[in-house]
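The values are calculated or read from the model by the stated rules, or taken from the named source; none is laboratory data. Because the structure is predicted, anything quoted here is derived from the model rather than measured. Don't worry about glycine lacking a Cβ; one is built from the backbone with ideal geometry, like all the others, and counts go over all protein chains shown. Protein only, heavy atoms only, side chains kept; ligands, DNA and RNA dropped before computing areas. Shrake-Rupley method; radii C 1.70, N 1.55, O 1.52, S 1.80 Å.
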2 protein chains.
Amino acid sequence: MGSAYSGAAVIGQSGGPTNVINQSLIGALLEASKYSVITDFYGALNGVVGILKENLVNLRAENLDNLELITRTPSSALRSVRKKVTKDECKVIFENFRKHGVRYFFYIGGNDSAETAHIINEFAKDAQYEFHAFHIPKTIDNDLRETDHCPGYGSAARFVAMAFMGANLDNLSLPGVYIGVVMGRHAGFLTAASILGKTRKDDGPHLIYVPETVFEPEKFLADVEQAYKKYGRCVIAVSEGVHDKAGNPILLTLKKDVEKDDHGNIQLSGTGALGDTLSQLIRDNLKISRVRSDTFGYLQRCFPTIVSETDAIEARRVGEEAVRAAVGGRYEGSVAIRRVSNDPYRVIYEVVDLKKVAKHTIAMPKEFIEGNNYVSDRFIQYAKPLAGVLPQMGRLQNVSITKM
Amino acid sequence: MGSAYSGAAVIGQSGGPTNVINQSLIGALLEASKYSVITDFYGALNGVVGILKENLVNLRAENLDNLELITRTPSSALRSVRKKVTKDECKVIFENFRKHGVRYFFYIGGNDSAETAHIINEFAKDAQYEFHAFHIPKTIDNDLRETDHCPGYGSAARFVAMAFMGANLDNLSLPGVYIGVVMGRHAGFLTAASILGKTRKDDGPHLIYVPETVFEPEKFLADVEQAYKKYGRCVIAVSEGVHDKAGNPILLTLKKDVEKDDHGNIQLSGTGALGDTLSQLIRDNLKISRVRSDTFGYLQRCFPTIVSETDAIEARRVGEEAVRAAVGGRYEGSVAIRRVSNDPYRVIYEVVDLKKVAKHTIAMPKEFIEGNNYVSDRFIQYAKPLAGVLPQMGRLQNVSITKM
């Protein structure tokens, strides 16, 4: 801690967009306008690429009414990028910062963005460049260290919960097996959120598979058979990242002719391959004819209006808190959310060192998982306040007429 | 026309569920309570199967507050079925109607349901059974004859429009090609709705392919290349029913090893095969590395809260109008919506003969299609009031800082 440097600020957005990432952007922008040490506030288009190419925009030239509209607009208003910076690029970044009198850098993103902010900050220290570098957390995967949860997760969780509420009712009206494939290669938080709209014992999802446990096809078939017998139908949430004992994507275990991209990676997201393969596995092994699957894909991260109010508020606050910490004299950090109490739900904000958030991610704690095909009440308690109050669904009482 | 018979009514829901199908159910139920000639109001569980198996429930035993909640609940509250009835089954149906004193039958569904109502009505005439048989239109495909549009379409169109609004912004922040595959094997109305959220010239979808035109892979690649060159990205809406000149699903043209179900049909819905194959086609032929696709699948028909207000109101009204026509002394019919004016949007309701709606479906008129890769302003004028007012999306003005 020391005193804050006087100069311009640059903010950028990185990685996959979310429904509330612009709340963080505008939270930081408006908070910064209170402090005279932040002389200008620039947006970098496409994250660090905008700094490298000097594609900077003057965010203080924007109208307030438009900014408020943008807080309710999904995806990254400053556009995004997937990129880590090299040492050589750091040099260019600081040349550009120096030219524009930039002393503050705020980077909204996941662990990779925290690492980028960390690398840039290390370079600043070496170069004795007076500088504040902050990471503002964002990810629908909810896999960042230090923070109780990540802005962006609550709204995506809300989408997944609502999608399963609808899919459950669809499946109740036309019974069979339904598989919904949810984003999350290593962390099951989003897939687990499929349970949040469940209010009746027989509501789906009846089975939930996350990447934190080993997916065993034989066990899966037995689970489906049992649930189908019990409910006359079966709704299943599966994470795109489910894998076998050795850690291989289950698609590889089940299907050898799977398509790979140019880098040799299997395309797990935005494709129906996993859902199709699991559907076929069920058709081939169980006597169930109606088996359907959906892959939620990109819809789950940017669907307009499906926003958790809690998530929107917190995303705004992490942007504000980063600016407060910087003008308060802190030179680097990432904003973490700490849950103080769950009922009523209350959080506080803290700033932690960048390196604590950079690089590594987390998975769901064991106590959030039940067996290897469901999630626990502890998870529900954890996630429910984040997704916000879900719409109520009605069901007929079905008072039968006596058969004659 | 004659005088209405006195007796109980049975209502059922058939085919794929929608977000507003329960509006029609409850519209009919509540309207019927005004007329003493309708002595009881029963729901058939799983459509005609419920009549065959005497699985009838007393809908007048339901609480009003619960019914109101059910109007806002997606999917068929009485559960659904996909089934036409045979002559033999008609016999059983009328035995059961007779036993329960049923003189009114209301069937909510698509053209198949109109046909079922027609067959049942013909049987009643032959048997000189005093009877009222009505079809209440419902389908997200919007492919029924006689009516200007179908209840259920507006809300599904709203989902598709909003999905593309989000996908467009996602694609703007991380550029590449995005393909969204939309339901509709023979009619392109729902795929065409992808355009409804577009407000800026560079907004996606940039290309729209419907089953009413021939899909030519070579032309498709040229279209994508051109759009990508112009916008630096490309968002594409594709109907699951796109086909070659001979009418074969394009998946068959492009991929010979495609999976078929037990009936030899290709699984077109709820699978990523078409999106994946078109993505691969682009990757193999154009120098574009980031190509993604989603198949909207079942999400588009039952997503809670994504309801067009116009659609909800009209779905309620077609249920009411069917009852009014019946108690008014009409013996059979299907409720059709007629658009009286578009600005302001205003409709009236008419009852047409069942056989006019049964069996055949319609596709989009030629004037709704532009070239073979887009839709016309006439389509937008037609569909905009049906999907309802869409949320506004904001975009930064991006006032550039002078490069130094």
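Values as computed for the structure displayed
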quantity	calculated
CD proxy at 222 nm, helix term only [per DSSP H run n ≥ 4: -39500 (n - 2.57); per residue of chain B; nearest 500]	-11000 deg cm²/dmol
Karplus 3J(HN,Hα) series, Hz, for region B:353-364 with 6.51 cos²θ - 1.76 cosθ + 1.60 (x for Gly, Pro)	5, 3, 5, 6, 9, 5, 6, 7, 10, 10, 10, 5
Normalised contact order of region A:306-349, rounded percent, pairs of Cα under 8 Å and 6 or more residues apart	27 percent
Accessible surface of region A:119-191, 1.4 Å probe, proportion on carbon and sulfur as whole %	43 percent
Using alpha-carbon coordinates, inclination of helix A:309-327 to the longest axis of chain A, degrees	20 degrees
Cα long-axis angle, helix B:21-32 against chain B (0 to 90 degrees, to the nearest 10)	30 degrees
Copies compared at A:ARG338 - label distances in nm, ascending, label defined 7 Å from Cα in the Cβ direction	7.0
Nm distances between copies for B:ASP65, ranked from closest, using label points 7 Å along Cα→Cβ	4.1
Nearest-20 debye value, chain A charge dipole, Cβ charges on Lys, Arg, Asp, Glu	600 debye
Tilt relative to chain A, helix A:377-387 - C-alpha long axis, 0 to 90 degrees, to 10	50 degrees
Sequence-distant residues sharing a close amide H with A:VAL102 (under 5 Å, placed H)	A:ALA8
Cβ-based charge dipole, region A:265-404, positive-most Cα from A:GLY319, A:PRO365, A:PHE296	A:PHE296
Rounded to whole Hz, the Karplus (6.51, -1.76, 1.60) HN-Hα couplings of region A:169-177, x for glycine and proline	6, 4, 5, 5, 7, 10, x, x, 9
Net dipole in debye of the protein assembly as shown [+1 Lys, Arg Cβ; -1 Asp, Glu Cβ; about Cα centre; nearest 20]	300 debye
Surface accessible to a 1.4 Å probe, A:LEU274 within the full protein complex, Å²	10 Å²
Shortest-first distances to equivalent copies, position A:ALA127, nm, label 7 Å out along Cβ	8.7
Dipole magnitude (debye, nearest 20) for region A:24-168, charges at Cβ of Lys, Arg, Asp, Glu	220 debye
Average other protein chain Cβ within 10 Å of Cβ, residues A:73-85	5
Relative packing of peptides A:155-168, A:336-349, B:136-149 - highest average C-beta neighbours within 10 Å first	A:155-168, B:136-149, A:336-349
For B:VAL291, residues with placed amide H under 5 Å, excluding near neighbours	B:VAL177
Probe 1.4 Å, protein heavy atoms only - accessible area per residue of the protein assembly as shown in square angstrom	38 Å²
Among B:LEU172, B:ALA124, B:PHE134 - extreme Cα towards positive end, dipole of region B:29-179, charges at beta-carbon	B:ALA124
Contact order normalised by residue count of region B:163-259, Cα under 8 Å, 6+ apart, percent	35 percent
For chain B: relative contact order, % (alpha-carbon pairs under 8 angstrom, 6 or more apart)	23 percent
Partner chain coverage, peptide A:170-182 - average Cβ within 10 angstrom	5
Region A:1-132 shape via C-alpha gyration tensor axes, a/c threshold 1.5	oblate
Selection from B:SER33, B:GLY7, B:LEU69 lying farthest towards where the dipole of region B:1-109 points positive, charges on Cβ	B:GLY7
Shielding by partners - mean other protein chain Cβ count within 10 Å, residues of A:158-169	5
Tensor-based shape of region B:332-391 (alpha-carbon gyration tensor, a/c under 1.5 rounded, otherwise prolate or oblate)	oblate
Closest approach to the axis - chain B beta-carbon, rotation onto A, Å	B:GLY272, 1
